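Heads up, the thing below is written out as structure tokens.
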Amino acid sequence: MRAPPAEATVSAIERLRETIAEHGRGLATDLVFAIVWVTFVEAFFALVEGPQWAYYLFMLAGVIAYFGFFASVEQATGEE
């Protein structure tokens, strides 16, 4: 396998920098939400020792909670 040309690597790095510059706050917010949700679910199931299916259901509920939370934040702040 050959390594990609240096120009392709540089442009990929530039694209990554542009993406982070443009969406950095949103990416960080998403990451923090994911870490908090997974930590909450892990701690909760460590305490109650629930069934495996419920654990996965709670993890899936994090997706719904994410969209619900940020939709309500957008509505409250009046952003579109």
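Every read-out reported here was derived from the displayed coordinates using simple, explicitly stated rules and does not represent laboratory data. None of these values were measured; they are calculated from a predicted model. Every residue, glycine among them, receives a Cβ derived from its backbone with ideal geometry; neighbour counts consider all protein chains shown.
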| How far is helix 52-77 tilted off the main Cα axis of the chain, in degrees rounded to 10, range 0 to 90? | 70
| said: Can you tally the net charge around I20? Count Lys and Arg as +1, Asp and Glu as -1, for every other residue whose Cβ sits under 14 Å from the Cβ of I20. | reply: -1
| query | Nearest 20 debye, what's the magnitude of the dipole of the chain about its Cα centre given +1 on Lys and Arg Cβ and -1 on Asp and Glu Cβ? | reply | 260
| request: Output the Cα-based Rg and Dmax of the chain in Å, rounding Rg to one decimal and Dmax to a whole number. | output: 18.8, 53
| query | Hey, what number do you get for the chain at 222 nm if only DSSP H runs of n ≥ 4 count, each worth -39500 (n - 2.57), divided across all residues, to the nearest 500? | reply | -31500 deg cm²/dmol
